[in-house]
Each structure stands twice: as structure tokens, then as C-alpha cells.
Amino acid sequence: MAYFDLENEVNSALRMDLPLTRGPLMRWQRREQSQVSNSFLNSSSSNSSSVKTPNKSLNRSQSSGTLSKTPKNKTPGSGGRRKTPSNLAKTPSAGDRFIPNRSTTEFDAAHYKLCTQNTISSEDWSMLSPSQQEYKKLMNENLNGDALDKKIISCNMKPPQAPEGYQNNLRVLYSTGKAGVSAKKTTRHIPQQPDRILDAPEILDDYYLRLIDWSAQNILAVALGNSVYLWNASHGDITLLLQLENAGDEYVSCVNWTEDGSHLAVGLSSGIVELWDPAQQKRLRSMSGHPARVGALSWNSYILSSGCRTGGIHHHDVRVAQHHVGTLLGHTQEVCGLEWSPNGKYLASGGNDNLINIWQAGSGSLLTAGETLHTFNQHQAAVKALAWCPWQNNVLASGGGTADRHIRFWNCNNGVSLGAVDTNSQVCALLWSPEYKEIISGHGYTQNQLTIWKYPTMTKVSELTGHTARVLHMCLSPDGTTVVSAGADETLRLWKCFDIDETAKKTKSKAMKSETSSSLMVHLR
């Protein structure tokens, strides 16, 4: 008979169309059943002390229809009375995961954070120099220790420390593929002190002039009053190139080398532009035409563009006798910034009228059209600092004066602003570093510093301080490693802030040699 019952139960379990009658209970059903059993046990224990808890034999007898007495043997160790089992588990000594552990909670640090700590906003923190940020971190560690870095509320105890000399067997698995990989150098050392300091007596403290320039032949031209000196950076020789006769009335207002560094253009306060041969120390020609001083010069092959105090820009063709071949009238005040793009397609001019004009060269010509391509008026002060991006010929960086203090970026193909950053200081000069994709700016009041920015995020990389007056001019060495800054404190400071890694340089040179050899093999075949 039992065999047939088992067979019926198996058949009913295998049928899919019948309702499930003997399946697992749901969670809420199990909870109700446990509550019912607990209430029954509690009520039975509270009625009388003589009534014993029914056991399994009582249940069996009830189901069969006959009642049997409770066995007289008692549970050993119970003292004659069986206790009701408790449904509550004991709280572990280490603390529940949902209940904070007060033994590891820092109440003093929490009170300090809530009441007395002055938090610095992300914008103010980004404006601090890396040295200032490091100083604040060190002071925080020395005064507070690690109390402010860890969690104020701890929900469990810390895991136990591994015994000394313990080796994880899985370490071999995760480190096998990385054994031969060298760690990538993420930061570089930028010296905070200048590599060399040169005297520049009688250098004019004038924001609108450009008095230094570094040639491709590693010669630095410096205009001091009515004289121009040449400093050979290779061996340190200093040569007096020219000295004006009218020392009291006339002075040199700007200098600019040709692309190959063979000739030097000199602008004078009288409005004359002179062309000099430094190798022979000889003046080749003198070009007039401006009614006031020339504050900006820029070369585009054999075309020399000059900006005047009256706001006019002249194009000079130095090959012909009639040198004046074009005039641009787009500024109402002095032109203090003038730069041709590296590809010779655009000419950018900045003036004391807070404007930036973009002039486009004509097709098949080095001269610009008479009308401006774009005009930018977002700056609120004079725009002297202009610099074209070396790896993006259409991107221009500009810096405003004391009332503006912003560095702005422009796309000159479509005339769109790419972004701006507030430097909190007068921007006097801008330079790009193609090696590190960075830009360095020279500032005036109040810190008189040089700031290196990472482009395009414009996060501060480093600040170089040392000048006691505003940094008026900056130039980059031919190899792109050294920046020279000229300040109103009559000093020239050389900063080796873009030094190239020798290992990366050798790797790059080997790659260039392999490309050259492969191209030669292609031509030979």
C-alpha cells in the first residue's frame, strides 16, 4: 500500500497542470508560522507551571485520535522545566553592519568638520600654486594627523593585519604580466629658481613695447634705452649692435628677428623701422612711414609688418626700394601686439582699444586684405600678449591687461571663442611649449610671476617667482627648453622649465632615423 502511495505522489509531482500544493513556503508565510508558534509557546508557558510542553508523541497521538501522556523523563540539565526557545539572536560583539561602532567613531573630528573647519572651494583651490597646495596638505597632516582623512563614522572593526612575512599566493597571478613593464613617469621636475640672471639696466618699464627677442641662431637681442645689445647664449659673449645718437629724445621701442635669425628688425620711437645685419654689425636700410613710435613687429617671410601708436599697421617688402606695400586700419589706439601665424595665413593684432583683429592673407600672396576677417572684443583691457599654437595653426591665445586679467583662446577659422581662464593678474606675455603641450604666461601685479598651464584643461602646473616687478616680456630659446623673462626690475631671468627628457629624445631620434631610412629605401627601389 505504501508503494502505491509513493507512486501516486510521484505522478502528481510530475504533472505540470496541477496546482503546487507541497512546495516551499513563501517568506511571509514562514514569518506568520513562526509568530503563531511563538505565541502558542508563550501562552502555554504562562498558563500554568504544571503544564508541560507537548512533544512529538503528543502530536502523533492527536493525529491518530488517541491521547497519550507526556513522558515523565525530563530534559537533562533543565532543572525539571523546559525553557521556551528564543527567536532573537544575540548581538555580535563587533557591532552590526547597520549600527555604527562607537569605539571607532571620532566625535571630536566630526564636531570640528561640522562647526569649525573652513573648506576651500574647488575654484579657489585650483588658483593656488602647486607649492601652496603642498604646504596646506603638509600643515593639515601635521596638525590633524589622519583623523580628517578617514571615515568619521565606522560601521565595523578594521580587518586584522596580516602576519609578518605573509605572502599571498594570488600575487603571482596578478603580477606575472606586469613584471617587465616600466613605470611611466607622470611628473617632471621644474626648477623653481632661474638658471641664470642677467642685468638689464635702463630697460623701459612700458607695457606696450616688445624689447627682447631670441633668434634661431641662439642670440638674444635686448633693447636697453637707446641701445640694442646681443647676447650669445652659446658662449655668453655680449655685443653692442647699435646706439642712437639722440639719446635723450629717441629710444628703441621693439626688436624682432627673421625666421632664420640672420637679420634683426628694430623699431624706433620716431616711427622708423631699421633692418640690421648682426654678423657684420651693419644697418642695411631704414624704412619710414609711421608718424609715431613702432611698438610691434612681426615677420612673414620677406614681408615685415609693423604696428604704430596711431593704430595703423604697415606692410614692408624688404626686397624692393618702395618698401611700403600695404596698410591696415582696424585699431583706434596703439597697436601693442602683432603676430603672424606659423603657416603665414593669418595676422593677429591687439591694441590698446581692447580689440583683437584677425587679418587673412590673400591667396598666393603674403599680404593681407584691407578688411578684417574677425574682430574679438571680449577683453576689457589692452591686448599685448598674443601667441599662435604651434600644433594648431588656427588657434590663437591672447592675454588682457590689468582690468581684464584673462587668457582667452580663439579659433580663427570660424571666429569662435574656445574658452577663457581668469589669472587674477595682468597678462603681459604668452608662450607655447610644443614639447609638453603647455602654455606659459608672464604676469604683472601683484605676484610678478610666470605661470605654466596645461592645455587645454588650463590647470596650473607650476609658478615661477623671483621678479620684484612685473614681467614685461618673454621669449623661448630655439631648442624650446628655456624661457627668458624681462622684468621692470631691470633683470633678465632664464628658466629651464621645459627641459626635454634625454631618454624620450633618443627614442624620438631613433624613430625619425628609421623613418628616414625606410623612405630612402622606397625611393631607391
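The values are calculated or read from the model by the stated rules, or taken from the named source; none is laboratory data. None of these values were measured; they are calculated from a predicted model. We place every Cβ from the backbone using ideal geometry, glycine too, and count neighbours over all the protein chains shown. Surface accessibility is based on the protein's heavy atoms, side chains included, excluding ligands, DNA and RNA. Shrake-Rupley method; radii C 1.70, N 1.55, O 1.52, S 1.80 Å.
Computed from the Cβ-Cβ distance with R0 of 30 Å, the FRET efficiency linking residue 392 to residue 190 stands at 0.80.
The modelled label-to-label distance between residue 418 and residue 259, using points 7 Å beyond Cα along the C-beta direction, is 2.1 nm. When you filter the trypsin sites (Lys or Arg not before Pro) in region 303-388 for DSSP loop state and at most 11 other Cβ atoms inside 10 Å of their Cβ, you are left with 319. Packing, taken as the mean count of other beta carbons within 10 Å per residue, orders the peptides 483-494, 251-262 from highest to lowest as 483-494, 251-262. When the surface is traced with a 1.4 Å probe over the full set of protein chains, residue 318 keeps roughly 30 Å² accessible. Stokes-Einstein D for region 175-324 at 20 °C, 1.002 mPa s, Kirkwood Rh over Cα pairs, in µm²/s? Using the Kirkwood radius from Cα pairs, D works out to 124 µm²/s. Of the chymotrypsin sites (Phe, Trp or Tyr not before Pro) found in region 402-454, those in coil by DSSP whose Cβ has at most 12 other Cβ atoms within 10 Å are 445. Sorted largest first, the principal axis extents computed over the alpha-carbon atoms of region 384-505 equal 44, 41, 22 Å. Sorting 9, 371, 274 on solvent-accessible area from highest to lowest, probe radius 1.4 Å, gives 371, 9, 274.
Only protein heavy atoms count here; on that basis, with a 1.4 Å probe, residue 500 has an accessible area of about 40 Å². Note on residue 110 and residue 469: the model spin-label points, each 7 Å out from Cα along the C-beta direction, lie 5.9 nm apart. If you plug the beta carbon distance of residue 164 and residue 132 into 1/(1 + (r/R0)^6) with R0 = 41 Å, you get a FRET efficiency near 0.55.
Packing order of peptides 420-426, 236-242, highest average first: 420-426, 236-242 (average count of other Cβ atoms within 10 Å over each peptide's residues). Highest mean packing comes first when the peptides 163-169, 413-419 are listed by Cβ atoms within 10 Å, giving 413-419, 163-169.
Quick check on my link table: of 136/384; 282/384; 345/384; 345/460; 384/496; 282/345, which ones sit more than 27 Å apart, alpha carbon to alpha carbon? Beyond 27 Å between Cα atoms: 136/384; 282/384; 345/460; 282/345.
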